[in-house]
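Before any comments, here is the structure.
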């Protein structure tokens with residue numbers, strides 16, 4: 001498959017083509033992650049919940065050779081496709097990592113769903129009724145979990161220009177595991193899905209505003225609420 005920006009994409013036979021197209025539409029046409037903040041030249045971007053790499057590929061093209069994208073995906077088959085998609089597009093500026101992020105270090109259960117974009121560390125996530133069958137649990141696997149604080153220290157990444165999070169209901173935990181980075185304003189911009197639970201958007205908004213971040217909520221038709229936050233040091 002050829003994406004709208006010319007990137008090549010290998011997909012999984014496990015996914016109905018409708019869902020792959022829905023992700024492409026969400027990222028490229030509805031621009032759910034780009035409404036207020038776009039990947040720019042030389043940016044360091046962390047893609048938490050990279051799936052098979054559609055957003056990571058788009059970001060890699062935008063940041064250029066001197067930028068970098070750290071793409072994080074814990075599920076085996078999604079990760080294999082992520083690595084394959086990075087390789088076929090010959091991106092040297094993408095670092096794929098087989099990890100889950102949260103607010104602790106160790107191991108955790110990953111609930112593998114029938115729809116590959118719905119895997120989560122949470123067993124139950126509030127979803128629309130029409131999506132419930134597609135999010136049926138089909139397997140449970142153990143994955144390595146770390147925090148963004150520790151990961152950035154290990155990779156020796158001083159600052160993140162743009163943090164994108166879409167991890168099926170664990171967005172707040174990812175941010176809690178980034179508390180040192182956030183408190184030091186080492187994350188300039190954040191875009192997070194915030195529609196998985198009824199109170200998710202308010203919880204994340206309150207948390208980031210207490211740290212001094214300026215927060216905006218964007219409601220995207222068909223896709224729900226997305227939260228954009230900017231560090232007070234960014235003009």
Within the range 192-204, can you find the residues that are surrounded by fewer than 19 Cβ atoms within 10 Å (Cβ to Cβ) and in a loop (DSSP other than H, G, I, E, B)?
197, 198, 199
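Quick grid of which residues meet (1) in a strand (DSSP E or B); (2) under 19 Å from residue 50 (Cα atoms); (3) modelled with pLDDT under 95:
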residue	(1), (2), (3)
144	yes, yes, no
163	yes, yes, no
169	no, yes, yes
175	no, yes, no
190	yes, yes, no
206	no, no, no
234	no, no, yes
Could you grab me the full set of residues in the range 2-15 that are surrounded by 12 or more Cβ atoms within 10 Å (Cβ to Cβ) and in a loop (DSSP other than H, G, I, E, B)?
3, 7, 9, 10, 11, 12, 14, 15
Which of the numbered conditions does residue 222 fail, given that it passes all the others? Conditions: (1) surrounded by fewer than 16 Cβ atoms within 10 Å (Cβ to Cβ); (2) in contact (Cβ under 8 Å) with a residue 60 or more places away in the chain; (3) within 18 Å of the chain's Cα centre (by Cα).
(3)
How many of the residues in the range 40-56 are surrounded by 24 or more Cβ atoms within 10 Å (Cβ to Cβ) and touching a strand residue (DSSP E or B) at 6+ places or on another chain (Cβ under 8 Å)?
9
Every residue in the range 208-232 that is under 12 Å from residue 163 (Cβ atoms) and not in a strand (DSSP E or B), please.
208, 213, 231
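To keep it simple, each residue is scored yes or no on (1) touching a residue at least 60 places away in the same chain (Cβ under 8 Å); (2) more than 18 Å from residue 79 (Cβ to Cβ).
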residue: 12; (1), (2): yes, no
residue: 20; (1), (2): no, no
residue: 29; (1), (2): no, yes
residue: 33; (1), (2): yes, yes
residue: 44; (1), (2): yes, yes
Suppose the filter is touching a strand residue (DSSP E or B) at 6+ places or on another chain (Cβ under 6 Å) and touching a residue at least 12 places away in the same chain (Cβ under 8 Å); does residue 175 pass it?
no
So which helices (runs of 4 or more DSSP H) are wholly in the range 16-103 and hold at least 1 residues that are modelled with pLDDT of 95 or more and touching a helix residue (DSSP H, G or I) at 6+ places or on another chain (Cβ under 9 Å)?
54-63, 76-88
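The values are calculated or read from the model by the stated rules, or taken from the named source; none is laboratory data. What you see is a predicted model; the values in this text were computed from it and never measured. For neighbour counting, all protein chains shown are included, and Cβ atoms are generated from backbone atoms with ideal geometry for every residue, glycine included.
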